Amino acid sequence: VTTRHLVLPADSHALHAVLAEAAAVIRAGGLVAFPTETVYGLGANALDATAVRRVFAAKDRPAWDPLIVHVSSRAMLDRVCSSLPCRFDEIARAFMPGPLTILVSRSSAVPDEVTAGRATVAVRMPSHPVAQALIERAGVPIAAPSANRFGRPSPTTAAHVLADLDGRIDAVLDAGSTDVGVESTVVDISVDPPLILRPGGVSREALEAVVGRVGVYRPPLVETPVEALASPGAGIRHYAPRARVALADSPRAVEEMVRDLCEEGLHAGVLWAGDQEREPAWPAGVAVHPWGRWGAWDELARELFVGLRALDARGVDVIACALPPEEGLGLALRDRLTKAARR
Ligand code: TXA
Ligand code: MG
């Protein structure tokens, strides 16, 4: 297929026409990549099993990894679930719309393809105006994983989407860079305390301010069948560039690591977050991507996947990077980086 690159025009009349076109593609069972506040998603009508199967095919995603269903209203949410956990309203009031995905009991309207046969469906109400407008106009909930090839870094621009999926999807709606830069937080609130299955755009601290103590799911370290994982995406090598990712405990340790890698004769890249005052004297040939200020985790989240993709494009053998602490969006950054570094 030819992938249409639909750049969103500023003029409101033209904007309506583009959104109407994209919504028509969704209703007809096609695939449209669209911006959300976290990353770009690859959308299909969540109630159409054939369209949903196309999403898996376009991404080369295994059928066992379920999709998030995106809604634009509470009425639409009610169509995809059969019952809501008792804390749902309290949490939805605080974080919906926004970068939070909640597991709920699925309704019979949701095909098995979406949930990989699980009894729960993951629901999210994005806050990005383009995402909201697309869902609303399509008039159906939209199932959407991140719009990357399975296992690759998630896309934060339309160019990233096209790099992975050009010719495999019907259209991409281009509204520039996304704001958060890492995916939504996936949470199971049916258990006590609630459990973060995937850290993301809503921090553990922000959730705890609303509901009290919240746990973080740690997938088993031994190889485990996906059916036995609380969240299938949790246990795998993921978000990975082609280059090897080498992690250090601090920016200073990254400097030493890069010197060692160069001595080994490797073409090293570095995703560099340091203090502004002092730029290290890097060995000749090192590819440096400025990541942001160490400690400004929101800033680093916005630039994480951009940086991994950019360094990959420069053809480095290995990407050196410091691992942020478990604080604010640092928890999500640690999760993505440790998964990217897994062999
Ligand atoms: O920010 C985001 O969440 C983006 C945008 C597009 O909304 N979407 C996204 O989707 O990151 P995806 O498919 O790349 O990641 C969804 C994660 C996977 O790790 C999947 O295993 C988990 O959510 N998940 C989905 N449904 C689930 C369910 N019913 N039970 C447990 N985990 C589920
Ligand atoms: Mg993904």
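The values are calculated or read from the model by the stated rules, or taken from the named source; none is laboratory data. Quantities reported herein were computed from a predicted structural model and do not represent experimental measurements. Every residue, glycine as well, gets a Cβ built from its backbone with ideal geometry; the counts of neighbours run over all protein chains shown. When the accessible area is computed, the model is the full protein with side chains, heavy atoms only, and any ligands, DNA or RNA have been set aside. Shrake-Rupley method; radii C 1.70, N 1.55, O 1.52, S 1.80 Å.
For the chain, give the percent of accessible area contributed by carbon and sulfur heavy atoms, probe 1.4 Å, rounded to a whole number. The value for the chain is 51 percent carbon and sulfur by accessible area.
Restricting the GluC sites (Glu not before Pro) of region 235-320 to loop positions (DSSP other than H, G, I, E, B) with no more than 16 neighbouring Cβ atoms within 10 Å leaves 264, 277.
Run the Debye formula on the Cα coordinates of the chain, all scatterers equal and no solvent, and tell me log10 I(q)/I(0) at q = 0.07, 0.08, 0.15, 0.16 1/Å. The computed values of log10 I(q)/I(0) come out as -0.29, -0.37, -1.26, -1.40. Couplings for region 73-88, taken from phi via the Karplus curve 6.51 cos²θ - 1.76 cosθ + 1.60 with θ = phi - 60°, read 7, 5, 5, 5, 4, 4, 6, 9, 10, 9, 8, 10, x, 5, 8, 4 Hz in order; Gly and Pro are left as x. Both radii come from the Cα set of region 1-40: Rg as radius of gyration, Rh as Kirkwood radius; their ratio Rg/Rh reads 0.97.
As an equivalent ellipsoid, region 113-269 spans semi-axes of 30, 24, 17 angstrom, where each value is the square root of five times an eigenvalue of the C-alpha gyration tensor, largest first.
Once Rh is set to the Kirkwood radius over Cα pairs, what Stokes-Einstein translational diffusion coefficient, in µm²/s, holds for region 68-177 at a temperature of 37 °C and a viscosity of 0.692 mPa s? Diffusion coefficient, whole number: 219 µm²/s. Here the dipole of the chain is about 800 debye; that uses its Cα centre as origin and unit charges on the Cβ of Lys and Arg (positive) and Asp and Glu (negative).
For region 73-177, applying the loop criterion from DSSP together with a ceiling of 13 other beta carbons within 10 Å to the trypsin sites (Lys or Arg not before Pro) yields no site. Among the trypsin sites (Lys or Arg not before Pro) in region 260-309, those located in a DSSP loop and surrounded by at most 16 other Cβ atoms within 10 Å of their own Cβ are 278. Counting only protein heavy atoms and a 1.4 Å probe, region 272-343 has 42 square angstrom of accessible area per residue. Here the extension length gained between residue 224 and residue 64 equals 56.3 nm, from 0.36 nm per residue of separation less the Cα-Cα distance.
Residues of region 244-280 with an amide N closer than 20 Å to a point placed 7 Å from the Cα of residue 327 along the Cα-to-Cβ direction: 248-255, 272-278. Can you tell me the orientation of helix 129-138 relative to the chain, as the angle in degrees between its alpha-carbon axis and the longest Cα principal axis, to the nearest 10? Here the helix axis deviates by roughly 30 degrees.
Over every Cα atom in region 177-225, the radius of gyration and the widest Cα-Cα span, Dmax, amount to 12.5, 37 Å. Counting 0.36 nm for each residue step from residue 159 to residue 24 and taking away their Cα separation leaves a gain of 46.3 nm. Cα centroids of region 31-103 and region 269-329: 31 Å apart. Computed over protein heavy atoms with a 1.4 Å probe, the accessible surface of region 1-158 works out to 37 Å² per residue. Extension gain for residue 208-residue 282 works out to 22.5 nm (0.36 nm per residue, less the C-alpha to C-alpha distance). With each label modelled as a point 7 angstrom along the Cα→C-beta vector, the residue 168-residue 94 pair spans 3.7 nm.
Taking the square roots of five times each eigenvalue of the Cα gyration tensor of region 281-343, the equivalent ellipsoid has semi-axes of 21, 14, 10 Å, listed largest first.
Hey, if you drop one equal point scatterer on each alpha-carbon of region 191-343 and run the Debye formula without solvent, what base-10 log of I(q)/I(0) do you get at q = 0.09, 0.11, 0.12 Å⁻¹? Summing over Cα pairs of region 191-343 leads to -0.32, -0.47, -0.55. With the cut-off at under 15 Å, measuring from each backbone N in region 44-81 to a point 7 Å along the Cα-to-Cβ line of residue 107 picks out 46-48, 69-81.
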